[in-house]
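Read through the structure below, which is laid out as structure tokens, and then see the notes.
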Amino acid sequence: MTRERLYGWGRTAPSISEVLSPTSEDMVAQELAHATSVIARGLGRSYGDAAQLSGGLVLTNRSLGGIGSIAPDGVVIVGAGVSIDELLAITIPLGWFMPVTPGTRQVTIGGAVAADVHGKNHHRDGSLGDHVLEMRLVTPTGTFNVSPTMDPQLFWATIGGMGLTGVVTTVTLRLLKIQTDKVLVDTTRYSHLDDVMAAMIASDDDYRYSVAWVDCMTKGASMGRAILTRAEHATRRDITGDSLVAPKSAHLRVPFNAPRGLLNPVTIRTFNEIWFRRAPKRREGEEQSLGAFFHPLDGVSDWNRLYGRRGFVQHQFAVGDAQSETVVRAIERLSSSGVPSFLAVLKRFGPANHGVLSFPIPGWTLALDLPIGPLALPGVLDDLDEMVIEAGGRVYLAKDSRLNPEAVRVMYPRLPEFLDIKNRIDPQHKLASDLARRLHLVGK
Amino acid sequence: MENAFGQPQSVVVLGGSSDIARAITKKLCAARAHTIILAGRNQELLDEAAREALDYGASKTDTVIFDAEDVTSASAAVAKAFDKAGDHVDLVIMAVGLLGNQLRDQSDVAAATRMMNVNFTWPVAALTEVRNRLVAQSSGRILVFSSVGAVRVRGSAYLYGGAKAGLDRLCQGMADSLIGTGVSLQLVRPGVVRTKMTEGLSEVPFTTGVNEVAQNVLKGLASGDQVIWSPPMLKYAFAILRHLPAPVWRKVVDR
């Protein structure tokens, strides 16, 4: 056991915890029995304080490995500590891909389940929880197999439950069959937010994958200019060659924290400008590797250090289809505040699953990267919370580092149900995290 | 828990009825603070400050009475405040202080001792208890009110300035001792502030209102600067003033 200073990917609000890496399910159960407060941690890619616990015990899941053989229908049992990167290195050569992948491969399967991660195909395929068949879950009151039919309550509380229902040790999920390691990408550039949103509503359903990058720093006529990329897996008929090679690991790294102020309105505006101009007005059927399309930032490890010592917050909210006006107003609020933000990610969500605290709701989601520093930023984000609540939407807990507990209660109306289930398997309220304490998710 | 912007949820204020402490408390409540425990010597003023905290968004307030002239009361006062706060304290503000009356106090042994007790010994005793408790929870911040008067002690206020200088230097060491514990300590060095404590004093350059101090303190909590100057300009002014030859220093400050 070591004492470590832990923080999330945004490098804000660090805290000190005891850290231990159990190597077996029994060991996890023992630790849960003895600890007074405990949370699981994967690769630390949640942005805020979800996987740290000041003064408590943090169980890293990286020694809970193992990948079973892949059944003909794509079903595989995976240790919760296996990263998507490690899993894909095995499965892609065999013609199988993750049914859902977030923007980085550097997350563990356990962490991905806890955040119920989504990808560019949510409008078609839902989030990761929709592809999980079964899990082993160690709780303070016992170890259970949970699935949509075995203790579905506990299963759906664990999907998106931020690790607060116990420690997942193995996950059974169904992979997606692929024929090649390429996707065919259609790219279109839009100079207005309204146009790109209209295009996404009209034709996202024609593509498995779709995402738009929006520039939140331009004002006036070009406010919310965007690049829309949409793609399908390439079949053997589409392209010459049928290679199945897993993405390579990062070859660039950021060796130290960037000086304060490297990312300021001027540099970010310049970056956004280059990014926008580099994209073609329209291009169809471009061949891209899986890594380049799904995990563009994985090429540079520790890229979060570019934000400097003070770190950054990522802010992601979702609102219903009828509330597309909220997306426009949020981007207006940001661009008028002068708070610098990198290209924002806009995407459409399909139907929600049964996850009690799962984030996606059908409609729109917008994600923003915002460096810590501008004095106006906390207030601007509080304003966005108000807009989102008014629109019946919510903020993603896996990215949060600054919400207030009252807002969370409104955004996640099923929270009382979650706390009831948590109370059943954790009557002594051992399962906690800094995030859970901050947002009052521990239970009383 | 404190969030990514350094906004605390649970706050203990020692010296909670002072004008500066109240201005800070209000701003903290407007952000994320929901639990405010105010400790001080005057119940009426503490109750008033507690009502104000509720108006500004706190959901739970409580008060603790202590007498800073009694240095043996420090540990119990801190213990009571932490108990009332509940399970986790994010921020402790040490705003206990007494300006005194230099001309009267400097010839009176009991008064000089009282100045040391209130401005130095009681705060150090209390901070020792605070340190133990925050280190045990592996997180939290301590904000200690020093003064620009502590940077270079003036002849015309050496009791107050000297006691604050002791507290200031001690806290610099305490801040270093906390590295790696998850707890941090920040010093605030305000210039002269218009409050009930300074009523009737002639205004010197860089005199500010309490809201300006509170604003600078909140900025400092967000940035994590080890020393928070208010107004920030004083940092540069004192970079020069502290090194002036003594005869010049005396001319400048004790006109």
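Residue under question is A:Ala367, and the condition is that it be touching a strand residue (DSSP E or B) at 6+ places or on another chain (Cβ under 8 Å) and among the aliphatic types (A, V, I, L, M); does it hold? Spelling it out, A:Ala367 is indeed touching a strand residue (DSSP E or B) at 6+ places or on another chain (Cβ under 8 Å) and among the aliphatic types (A, V, I, L, M). Counting only strands (runs of 3 or more DSSP E) that fall entirely inside region A:42-159 and contain at least 1 residues that are within 14 Å of another protein chain (Cβ to nearest Cβ), the qualifying elements are A:57-60. In region B:140-158, the count of residues that are part of a loop (DSSP other than H, G, I, E, B), crowded, with 23+ Cβ neighbours inside 10 Å, out of contact with any Gly (no Cβ under 9 Å at 6 or more places or on another chain) and not hydrophobic (A, V, I, L, M, F, W, C) is one or more.
Put simply, of B:Ala136, B:Ala68 the only residue that is within 14 Å of chain A (Cβ to nearest Cβ) and either small (Gly, Ala, Ser) or more than 20 Å from the chain's Cα centre (by Cα) (or both) is B:Ala136. In region A:252-352, counting only strands (runs of 3 or more DSSP E) that sit wholly within it, the ones holding 2 or more residues that are within 14 Å of chain B (Cβ to nearest Cβ) and under 16 Å from A:Val388 (Cβ atoms) span A:312-320.
When A:Ser210, A:Ser203 are screened for being within 30 Å of A:Pro93 (Cα to Cα) and either assigned to a loop (DSSP other than H, G, I, E, B) or small (Gly, Ala, Ser) (or both), only A:Ser210 passes. Return the only residue of A:Asp26, A:Asp49, A:Asp73, A:Asp85 being crowded, with 24+ Cβ neighbours inside 10 Å and among the charged types (D, E, K, R). Checking each option against the conditions leaves just A:Asp49. Selection of region A:11-28 for residues being over 20 Å from A:Ile84 (Cα atoms) and either facing another protein chain (nearest Cβ under 10 Å) or touching a Ser or Thr at 6+ places or on another chain (Cβ under 6 Å) (or both) yields A:Arg11, A:Thr12, A:Ala13, A:Pro14, A:Ser15, A:Ile16, A:Ser17, A:Glu18, A:Val19, A:Glu25.
The helices (runs of 4 or more DSSP H) found wholly in region A:398-444 and carrying at least 3 residues that are within 14 Å of chain B (Cβ to nearest Cβ) and closer than 26 Å to A:Ser15 by Cα occupy A:405-411, A:434-438. Taken across region A:14-37, residues that are under 19 Å from the mean Cα position of the chain (by Cα) and closer than 21 Å to A:Gly161 by Cβ do not occur at all.
For residues that are in a loop (DSSP other than H, G, I, E, B) and surrounded by 19 or more Cβ atoms within 10 Å (Cβ to Cβ), scanning just region A:1-10, find the one that is farthest from the other protein chains (Cβ to nearest Cβ). That would be A:Trp9. Out of A:Arg333, A:Arg305, A:Arg310, I need the residue that is modelled with pLDDT of 90 or more, within 30 Å of A:Ala258 (Cα to Cα) and either out of contact with any helix residue (DSSP H, G or I) (no Cβ under 7 Å at 6 or more places or on another chain) or not small (Gly, Ala, Ser) (or both). Which one? From the options A:Arg333, A:Arg305, A:Arg310, the qualifying one is A:Arg333. Here the helices (runs of 4 or more DSSP H) wholly within region B:15-133 that include at least 3 residues being among the hydrophobic types (A, V, I, L, M, F, W, C) are B:19-31, B:43-55, B:74-85, B:109-116. Looking only at region A:360-372, which residues are within 15 Å of A:Asp125 (Cα to Cα) and in a loop (DSSP other than H, G, I, E, B)? Across region A:360-372, the qualifying residues are A:Pro360, A:Ile361, A:Pro362.
Residue under question is B:Val148, and the condition is that it be hydrophobic (A, V, I, L, M, F, W, C), more than 14 Å from every other protein chain (Cβ to nearest Cβ) and touching a helix residue (DSSP H, G or I) at 6+ places or on another chain (Cβ under 8 Å); does it hold? In short, yes. Looking only at residues in region A:359-378 that are more than 14 Å from chain B (Cβ to nearest Cβ) and touching a His at 6+ places or on another chain (Cβ under 9 Å), the one that is farthest from A:Gly48 (Cα to Cα) is A:Pro362. Could you say whether any residue in region B:29-36 is in contact (Cβ under 8 Å) with a residue 60 or more places away in the chain, crowded, with 24+ Cβ neighbours inside 10 Å and within 14 Å of another protein chain (Cβ to nearest Cβ)? Looking through region B:29-36, none of the residues is in contact (Cβ under 8 Å) with a residue 60 or more places away in the chain, crowded, with 24+ Cβ neighbours inside 10 Å and within 14 Å of another protein chain (Cβ to nearest Cβ).
The values are calculated or read from the model by the stated rules, or taken from the named source; none is laboratory data. Keep in mind that this is a model prediction, so the values were computed, not measured. Note that each Cβ is placed from the backbone with ideal geometry, even for glycine, and that neighbours are counted across all protein chains shown.
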